[in-house]
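> Can you keep this structure in mind? I'll have questions shortly.
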Amino acid sequence: MKTNYLSAPVTALNPSPVTIAAWDSRSPAISQKETKRTKVRGVGFAFLLAAFLGSCVTNELRAQVIVVPNALATNDGNGSGTSPEGPASARWLHIHDASQFGALSGPSFLTKFAYRPDKVLGQSGPRSLILRIYASTTSRSVAGLSTTFAENLGTNNTLVFDGTVNLTTGNLPGPGNTRQFDYVFPFTTPFLYDPADGNLVLDLQIVADGEALTFDTESGNSAIGRVGTGSSTATTGAFGVTQVIQFTFEPPPLVTIRASQVEVCWNSKSNLTYQVQYRSDLTTNLWTSLGNCIRSTNSTSCIFDPIVVGQPQRFYRVVLTNCVP
C-alpha cells in the first residue's frame, strides 16, 4: 500500500473567510492527468492537500500444480508399477530435482501430491494406507541418491502426514495420453519448499491392505529417483522406478499494510479558527466539512481522518472561518 501526502503551506494569514469560488477563479478544473500526478494548488489563505490513500492491493493468490517430471504433464510414463494385494508394508523415498519446480513464483507451501494410474488400466483398488509422510530439502543430488534412507534426508525433515489414506481411481482421462491424478496424498502440515535450497525429498512409510493399485511410473529420468523396500521401518532399500507425481503448492501468506488514518496539518496562528474540508473527486464542487471547526492554539494545527476502505483518494482543503468551535 502506498500513501502520498502533498500539501502547500499557508504563507499568509488573514481572518477573512476564503471561499471555494476564489479558489476556482484562480484554478481551472484540474484534469484527470493532473489529479493522478497529485498536483496541489493553493490560493490566498487556503491550501489543498491531496492524500492518495490507495486501497491495499492484493493479487489473487492461486495454487500452483506441477507434474514431475515436467515432460510427463501430458505424456504417459515409460513404465507402470503395481502394489501387492492384501496386507503389505513398504518404505518409498522419492527425490525430485529442484529444476523441476522452476514454475514456482518463490518459496511455496507443498500441501499435497498425487499419483495417477497408468494409461493401460491395471489394478484400481480400493486400498487403505496407514502411513507417515516426511518432506525435506536435501543437498543430495538425484544421481547421488543413497540406498541408506537417512543419508538422503534434509536437516528440515518434517512429518507432514500421519494417518490413513484410502486410494482408488476413477480412471478418468487426463491431458494428452494420460489419466487423471486421483491417488491423492494430502498433508496435514504444509511443507515450505524453496527450490533454491535444494532438491525435494518425500519419505513414505506405509502399512497397507486391500486391493492392489497400478501406478504410472518413469525410469531412467535424471529429474527423479527412488529408493524402496518392503518394510516401513527399514533403514536401507534398493533403487527402483518412480511414480509420476503431481504436486500442489500454495503461496505463502501475502502480508499487506494499510494505514488506518490520515493526519492533516497546516501552519496556523493562535486564536484563529479553521475548517478542514474534503472531497473525493476534484471534478465536483462539493466540499464536506471534516468534523467541527478548530480554534488554533499554536503555530501548527492537525486533525485526523480515518481512512475509508474502498475510497482510493481524498482531497483536503483548510479555510479560515469565523465559526465558533
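The values are calculated or read from the model by the stated rules, or taken from the named source; none is laboratory data. Note that this is a predicted model, so its numbers are computed, not measured. For neighbour counting, all protein chains shown are included, and Cβ atoms are generated from backbone atoms with ideal geometry for every residue, glycine included. Note: accessible area is taken over every heavy atom of the protein model, side chains too, but ligands, DNA and RNA are not part of it. Shrake-Rupley method; radii C 1.70, N 1.55, O 1.52, S 1.80 Å.
> Out of V324, V262, I need the residue that is open to solvent by 50 Å² or more (accessible area, probe 1.4 Å), of a type in the set (A, V, I, L, M) and in contact (Cβ under 8 Å) with a residue 40 or more places away in the chain. Which one? Break it down stepwise before answering.
Values: V262 fails: open to solvent by 50 Å² or more (accessible area, probe 1.4 Å).
Exactly one residue qualifies, and that residue is V324.
> Provide a single number: the residues in region 137-149 that are open to solvent by less than 70 Å² (accessible area, probe 1.4 Å) and either modelled with pLDDT under 95 or more than 16 Å from T242 (Cα to Cα) (or both).
3
> For region 149-164, which residues satisfy the criterion of being under 13 Å from T137 (Cβ atoms) and in contact (Cβ under 8 Å) with a residue 40 or more places away in the chain?
Listed by number, the residues that qualify are N152, L153, G154, N157, V160.
> Of the conditions (1) modelled with pLDDT of 95 or more; (2) over 26 Å from T74 (Cβ atoms); (3) of a type outside the set (K, R); (4) open to solvent by less than 70 Å² (accessible area, probe 1.4 Å), S270 fails just one. Which one is it?
Among (1) modelled with pLDDT of 95 or more; (2) over 26 Å from T74 (Cβ atoms); (3) of a type outside the set (K, R); (4) open to solvent by less than 70 Å² (accessible area, probe 1.4 Å), the lone unmet condition for S270 is (1).
> Residue by residue through region 157-184, note down the ones that are among the hydrophobic types (A, V, I, L, M, F, W, C), open to solvent by 40 Å² or more (accessible area, probe 1.4 Å) and under 26 Å from Q205 (Cβ atoms).
If we filter region 157-184 for residues that are among the hydrophobic types (A, V, I, L, M, F, W, C), which is where we start, we get 159-161, 165, 167, 172, 181, 184.
Imposing the further condition that a residue be open to solvent by 40 Å² or more (accessible area, probe 1.4 Å) reduces the set to 159, 172, 184.
Result: L159, V184.
> Which of the residues spanning region 186-209 are over 16 Å from K112 (Cα atoms) and surrounded by fewer than 17 Cβ atoms within 10 Å (Cβ to Cβ)?
A196, D197, D209
> May I ask you to verify whether A114 is buried (at least 21 other Cβ atoms within 10 Å of the Cβ), assigned to a strand (DSSP E or B) and small (G, A, S)?
no
> Considering (1) open to solvent by less than 20 Å² (accessible area, probe 1.4 Å); (2) modelled with pLDDT of 90 or more, say which one L49 fails and leave the rest.
Of the numbered conditions (1) open to solvent by less than 20 Å² (accessible area, probe 1.4 Å); (2) modelled with pLDDT of 90 or more, the odd one out for L49 is (2).
> If a residue has to be modelled with pLDDT of 95 or more and open to solvent by less than 20 Å² (accessible area, probe 1.4 Å) to count, how many in region 118-136 make the cut?
Going through region 118-136 one residue at a time, the tally reaches 6.
> Here is a check on your reading of the model: is T235 open to solvent by 20 Å² or more (accessible area, probe 1.4 Å), among the β-branched types (V, I, T) and under 24 Å from T155 (Cα atoms)?
So T235 fits the description; yes.
> Sticking with this structure for a sec: Just wondering, is there one or more residues in region 55-65 that are of a type outside the set (D, E), part of a loop (DSSP other than H, G, I, E, B) and modelled with pLDDT of 95 or more?
Within region 55-65, none of the residues are of a type outside the set (D, E), part of a loop (DSSP other than H, G, I, E, B) and modelled with pLDDT of 95 or more.
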